[in-house]
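Values quoted throughout were computed directly from the atomic coordinates according to the rules given, and no laboratory measurement underlies them. Note that the coordinates shown come from a computational prediction; the quantities given were computed from them, not determined experimentally. Note that we place each Cβ from the backbone using ideal geometry, even for glycine, and neighbour counts take in every protein chain shown.
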Amino acid sequence: MSLTNTVDQNESTPFHVTHETVVAVDLAILASYDEAQEEGEPDFVVELIDLYLDEAPRIFNAIHEGLTNNDWLSAKRAAHSLRGSSNNLGILQMGVIADELEHLTTNHQVAGAELLQCLKNEFTRVEEILLAERLRRLS
Amino acid sequence: MKILIAEDDPVSCRVLTTNLKAWGHEIVVTNNGNDALQALQRDDAPMLAILDWMMPGLTGVEICHRLKTESHAAPIYIILLTALNRKENLLEGLEAGADDYLTKPFDRHELRVRVQAGARIVALQDNLRQRVRELEAAIVERQHAEEQLRSLSLTDHMTGLYNHRGFYNLAEHLAKMTRRSRTKSLLIYADMDGLKQINDTLGHHAGSEAIMAVAEVLRSSFRDCDIVARLGGDEFAVLAPNVALPDSRKLIERLRNNLKAYNEGGDHPCQLSLSIGAVEIDHNYEFGIEDQMAKADAEMYRDKRQRKELLTQRT
């Protein structure tokens, strides 16, 4: 798995916490799930994309709720889950930001909110890439 | 095989189930720790579980703890699945009782071989349990056979004398023979005095030694053709065929003398004492060995009582 082949330049990132920048979606990782594709079944990668696009906004809500209710553990758990699914599918930048959110040690609310915004911004980009991939696969 | 997946992230869950199903496994899915624990505590629980570390309810590590502290007949093979790739976390998981771990994002091939390794261990444990069950069954069968053999045996294991069964079998037979030859027999019922006290004060080993010594004295006091038996516990019986009345007295006297000689000679941990009941059986009459034994038993009690009274008068 290559994490550094494309370095993304996202200069508009407003938050003060800095994290490394990696490729938004490593399509090679995503494509590796074709190996599990069963004959005659719907496209497995498309299914995973749909699951992810469905799940991510739910996780944003969970993180948001956790942060506003001062329930750090729930926010952390949601970020952890997002990190897992992101990294699994090669959605690497999301994984990096989620990892940082999950491992915040201080300043949960402010830094957490900033990182959540980062996740949402990143997700707009990711969604675009994933939808394009989805379309390519279905056509 | 049947595998439980506990994973709250639907993407990871889908990847896992799709792969595992493709490899022919039957999958049970839960998306939180509490449901997972419940599923693993059922009688028909999957023998292999892939548990996410962090999920709502109990964490994967907590489930490991719970399962390992409860005594399970068949331990469940647990693979912890985690995005926590920091080493100390893995150590914690393995210490909690996980058998293996996989870090996310996981590699499909690694997943396959780790699950295979787990399945191998589960199969080995299964074989082992099966083997233990078979051995246990064989032991029980053997014990039954030995019991049966013992019940068929005619001799007393401890003393080598005839046992209860041996005595009655031979006594009945002998009775029939002596009735034909119209001779008399001597029946002796002997009970050890104070065996309980020996057991209580010197221990059961000394008790056994005393029983064996009595057996030896009895054996040496009677003839080869006499039936000498230990009926059980501290009770002995002798049936001596072809004995006329004066010989009866002599035989009993010899027994008493041999006991005395034993007690006076040598360094023995305890003194031997027998209460003896003797009846002469006249085979001209119908001979029932049970009735005669009851008579000899009553005689023996009379002797025991007299000896006790004598003992209390002396002290």
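General observations
- Answer residue from region B:94-114, given it is under 49 Å from the mean Cα position of the chain (by Cα) and hydrophobic (A, V, I, L, M, F, W, C) and is farthest from the other protein chains (Cβ to nearest Cβ) among those: B:94
- Candidate set from region A:67-97 (those that are at the interface with chain B (Cβ under 9 Å from one of its Cβ atoms) and of a type in the set (A, V, I, L, M, F, W, C)); member that is nearest to the chain's Cα centre (by Cα): A:82
- Filter result for residue B:237 (within 24 Å of residue B:172 (Cα to Cα), aliphatic (A, V, I, L, M), touching a residue at least 12 places away in the same chain (Cβ under 8 Å) and in contact with a helix residue (DSSP H, G or I) (Cβ under 7 Å, 6 or more places away or on another chain)): yes
- Restricting attention to region B:204-216, the residues that are surrounded by fewer than 21 Cβ atoms within 10 Å (Cβ to Cβ), within 29 Å of residue B:177 (Cα to Cα) and either of a type outside the set (Gly, Ala, Ser) or under 27 Å from the mean Cα position of the chain (by Cα) (or both) total 1.
- Within region A:34-56, the set of residues being touching a helix residue (DSSP H, G or I) at 6+ places or on another chain (Cβ under 7 Å) and either more than 7 Å from every other protein chain (Cβ to nearest Cβ) or part of a loop (DSSP other than H, G, I, E, B) (or both) comprises A:34, A:37, A:38, A:43, A:45, A:46, A:49, A:53, A:56.
- Residue within region A:102-125 that is at the interface with chain B (Cβ under 9 Å from one of its Cβ atoms), buried (at least 19 other Cβ atoms within 10 Å of the Cβ) and not basic (Lys, Arg) present: yes
- The residues listed here are B:24, B:57; of these, the one that is touching a residue at least 12 places away in the same chain (Cβ under 8 Å) and either over 41 Å from the mean Cα position of the chain (by Cα) or outside any helix (DSSP H, G or I) (or both) is B:57.
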